[in-house]
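Below is one structure, written out as structure tokens, with a few remarks after it.
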Amino acid sequence: MTSLVKQSDAGADKNAKPRVPLLPEAWRLEVGAWSGLRVSASAIRLEVFVQEQKVPLAEEIDAFDDACEHAVVFDALGRALATGRLLPDGHIGRMAVLKAVRGQGLGSAVLLALMSQARKKGFVQVVLSAQTHAQGFYERHGFVPEGAEYLDANISHVLMRKAL
């Protein structure tokens, strides 16, 4: 079982009612192929990116998913809560945590698992395209911004890089 990282996740609603935190024993993290995690990962991504952020469905699910390593956090009842992916070229992407459980370290757990996978694959660095509101989250994990902000799916992003 993966241990909980006690750092705030990006996007946590500062005005939300206090939540009962998920203890490490209350969740598990799985890393694997799209074939095994597709249903769970895509459900989170559809809720966060398509419904919440209004990203067009055609832009959200893409041909890269089959070639990626995916990470998904599940609660004790087997419900998918957070996800992300590692592309074959060392890019991390599609990081998403359900709104109800943000700020409890699940995004950190996914990110750390994907960085670990990248190391195992021999990468010496990882790169990601961060939504600018999440830049601080990635900076707390050692990522450094590069270049100017740009729009992707009509959302402001910045390229970020971290040596492994």
Cross-chain or 6+ apart pairs with Cβ under 6 Å, the range 100-119 first and on the phi > 0 side of the Ramachandran plot, then among the acidic types (Asp, Glu): 103/9
Qualifying residue in the range 91-102 (condition: of a type in the set (Gly, Ala, Ser) and within 17 Å of residue 33 (Cβ to Cβ)): yes
Looking only at the range 108-164, count how many residues are within 25 Å of residue 33 (Cα to Cα) and of a type in the set (Ser, Thr, Tyr). 4
Criterion: under 25 Å from residue 52 (Cα atoms), buried (at least 23 other Cβ atoms within 10 Å of the Cβ) and of a type in the set (A, V, I, L, M) - qualifying residue of 86, 151, 112, 77: 86
Read through the list (1) without any contact (Cβ under 8 Å) to a residue 60 or more places away in the chain; (2) more than 25 Å from residue 40 (Cα to Cα); (3) among the basic types (Lys, Arg), then give the number of the only condition that residue 140 fails. (1)
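No lab work stands behind these numbers, since they all come straight from the coordinates. Predicted model, so just to flag it, every value in this text is computed and none were measured. Positions of Cβ are backbone-derived with ideal geometry, glycine not excepted, and every protein chain shown enters the neighbour counts.
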